[in-house]
Amino acid sequence: MGFLEGKTAIITGGGRAVLKDGSCGSIGYGIATAYAKEGANLVITGRNVQKLEDAKEELERLYGIKVLPIQADVSAGNDNVATVQHVIDETMKEFGRIDVLINNAQASASGVPLKDHTTDQFDLAIYSGLYAAFYYMQACYPHLKETKGTVINFASGAGLFGNVGQCSYAAAKEGIRGLTRVAANEWGADGINVNVICPLAWTAQLEKFQEEYPDAFEANVHMPPLGHYGNVETEIGRPCVQLASPDFKFMSGETITLEGGMGLRP
């Protein structure tokens with residue numbers, strides 16, 4: 001086991017999704033695998049109970065850690081504060097500590113042009129992404145303060161570069177980046193480092209985007225200079241592990257692009 005043995009990480013959107021070729025198609029599950037290999041106990045949340053249960057079964061069987069799956073959906077019209085607090089309460093009841101929070105979950109109507117976007121579609125992205133990160137960060141803060149923990153939020157090149165057909169998704173992700181920078185300033189004195197990752201990996205969500213909105217997919221998604229999409233465990237999950245390590249505690253408030261060379265910006 002590694003340096004995270006006995007520690008606890010919450011990963012939103014941590015269910016196990018599978019691509020058509022049978023390989024892992026979930027960034028959240030890739031992160032969970034990387035953390036499990038370092039000995040961390042995990043709390044994984046999501047909308048789909050079966051995907052969470054599949055993840056629990058495999059991770060516990062392969063790596064000997066404990067996984068607590070909790071169905072949780074931050075969305076318009078729900079009591080989202082109570083939903084998130086339930087996750088934190090169950091986490092503390094089961095593990096007694098929170099060392100890492102990873103806000104990975106995000107839903108959106110990617111592919112719909114700005115002029116055609118509905119308020120419901122905009123709400124879907126803002127609630128599942130920006131509001132979820134906000135509520136989880138608030139609820140986890142006192143516990144992260146105790147452990148001098150780590151927050152990793154997920155944003156996207158869609159926001160960095162203004163991708164076609166992704167207005168609500170881009171808005172949510174850029175909001176998350178702003179939230180992250182404020183937290184890095186406010187929580188630094190508590191020993192909490194807070195960073196953003198913008199990933200590019202071939203996922204079930206990206207596969208669905210290609211099928212449903214081929215024109216928007218063609219406009220936005222290109223092969224990175226390194227010649228392949230990121231591996232969800234080794235090239236996305238492992239950097240998430242490192243951000244929680246002592247070696248990277250001085251890094252905070254940063255946006256890290258894991259896009260194989262696609263994330264170039266001034």
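A short reminder: the numbers here are calculations on the coordinates, not readings from a lab. Note that the structure is predicted; figures quoted are calculated from it, not measured. No Cβ is skipped: glycine too gets one built from the backbone with ideal geometry, and neighbour counts run over all protein chains shown.
A few notes on this one:
Residues are listed down the side, and each one gets a yes or a no for (1) charged (D, E, K, R); (2) assigned to a loop (DSSP other than H, G, I, E, B); (3) closer than 21 Å to Phe154 by Cβ:
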site	(1), (2), (3)
Arg61	yes, no, no
Val74	no, yes, yes
Gly77	no, yes, no
His86	no, no, no
Glu94	yes, no, no
Ala105	no, yes, yes
Ser110	no, yes, yes
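- Scanning the range 52-88 for residues that are more than 21 Å from Tyr127 (Cα to Cα) and charged (D, E, K, R) gives Glu53, Asp54, Lys56, Glu57, Glu58, Glu60, Arg61, Lys66.
Table: residues versus (1) touching a residue at least 60 places away in the same chain (Cβ under 8 Å); (2) within 13 Å of the chain's Cα centre (by Cα); (3) at positive phi.
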| site | (1), (2), (3) |
| --- | --- |
| Tyr135 | yes, no, no |
| Glu146 | no, no, no |
| Gly162 | no, no, yes |
| Ala171 | no, no, no |
| Ala204 | yes, no, no |
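- Taking first residues from the range 93-110 that are farther than 18 Å from Leu52 by Cα and partners that are part of a strand (DSSP E or B) and of a type in the set (Gly, Ala, Ser), the Cβ contacts under 9 Å between residues at least 6 apart in sequence or on separate chains come to Ile98/Ala9; Asp99/Ala9; Val100/Ala9.
- Val49 meets each of the listed conditions (1) touching a Gly at 6+ places or on another chain (Cβ under 6 Å); (2) over 21 Å from Leu258 (Cα atoms); (3) β-branched (Val, Ile, Thr) apart from (1).
- Helices (runs of 4 or more DSSP H) fully within the range 157-266 counting 2 or more residues that are among the charged types (D, E, K, R) and surrounded by fewer than 20 Cβ atoms within 10 Å (Cβ to Cβ): 167-187, 204-212, 214-220
Let's see how each residue does on (1) among the small types (Gly, Ala, Ser); (2) closer than 24 Å to Arg177 by Cβ; (3) surrounded by fewer than 20 Cβ atoms within 10 Å (Cβ to Cβ):
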{"position": "Lys37", "(1), (2), (3)": "no, no, yes"}
{"position": "Tyr63", "(1), (2), (3)": "no, no, yes"}
{"position": "Ser75", "(1), (2), (3)": "yes, yes, yes"}
{"position": "Asp99", "(1), (2), (3)": "no, yes, no"}
{"position": "Ala105", "(1), (2), (3)": "yes, yes, no"}
